[in-house]
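All of the numbers you see were taken from the coordinates with simple rules; none came from a lab. Given the structure is predicted, the values throughout are model-derived calculations rather than measurements. All Cβ positions, even for glycine, are placed from backbone atoms using ideal geometry, and neighbour counts span all protein chains on display.
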Amino acid sequence: MTDDAGTATVQGGDVVELRLPADGAYLSVLRTATAGLAARLDFTLDEIEDLRIAVDEASAMLLPAALPGSQLTCRFLLTPDQLEVLVQVPTRDAEVPARDTFSWTVLTALAGEVDTGADADSQVWLRLRHRRSQASA
């Protein structure tokens, strides 16, 4: 079930989706949304900051390949103990980000579980999963 604001409820959690122009100028909106949603799940301040940086880094990795004039989509899945973030953009060649880069190392250090891929429509995506620490539980 989805409403006009891009919010849905799935079994065990909520889904929030943002669509922004695929332009680095809009990443501040995404960082703010990430922080707000992580705070809603009672993540620690350090976890919130790590997630803000990770989502920013994931977006920055995808934006150079985005089709001109396209949208970056960011979908957040909020469950009681985890925040999953899926960032995706349409591309020409569906080339996924390399896993042997400094940026990838930063992502995995900050977000925990990180994956990437492309779908049949040349949408390239990055998925971040961060479980709430015992300190914030």
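Over the C-alpha atoms of the range 9-87, what are the Rg and the largest Cα-to-Cα span, Dmax, in Å?
That works out to 12.6, 37 Å for Rg and Dmax.
About its Cα centre, how strong a charge dipole does the range 68-137 have in debye, to the nearest 20, once Lys and Arg get +1 and Asp and Glu get -1 at the Cβ?
In debye, rounded to 20, the range 68-137 gives about 260.
For the range 11-41 and the range 73-137, write down the distance between their C-alpha centroids in whole Å.
Centre-to-centre (Cα) distance: 13 Å.
Give me the angle, in degrees from 0 to 90, between the Cα long axis of helix 27-40 and the longest principal axis of the Cα atoms of the chain, rounded to the nearest 10.
20
Please state the charge dipole magnitude for the chain, taken about the Cα centre, from unit charges on C-beta atoms (+1 on K and R, -1 on D and E), reported in debye and rounded to the nearest 20.
Using only the charged Cβ atoms, the result is roughly 60 debye.
Any chance you could give the angle, 0 to 90 degrees and rounded to 10, that helix 102-111 forms with the longest Cα principal axis of the chain?
Once rounded, the angle reads 30 degrees.
The chain: Rg/Rh from Cα coordinates, Kirkwood Rh?
That ratio is 0.95, to two decimals.
For Thr44 and Tyr26 in one chain, what is 0.36 nm times their gap in residues minus the Cα-Cα distance, to one decimal in nm?
4.0 nm
Provide the net charge surrounding Ala94, with neighbours chosen by a C-beta distance below 15 Å and charges set as Lys +1, Arg +1, Asp -1, Glu -1.
It works out to a net charge of -3.
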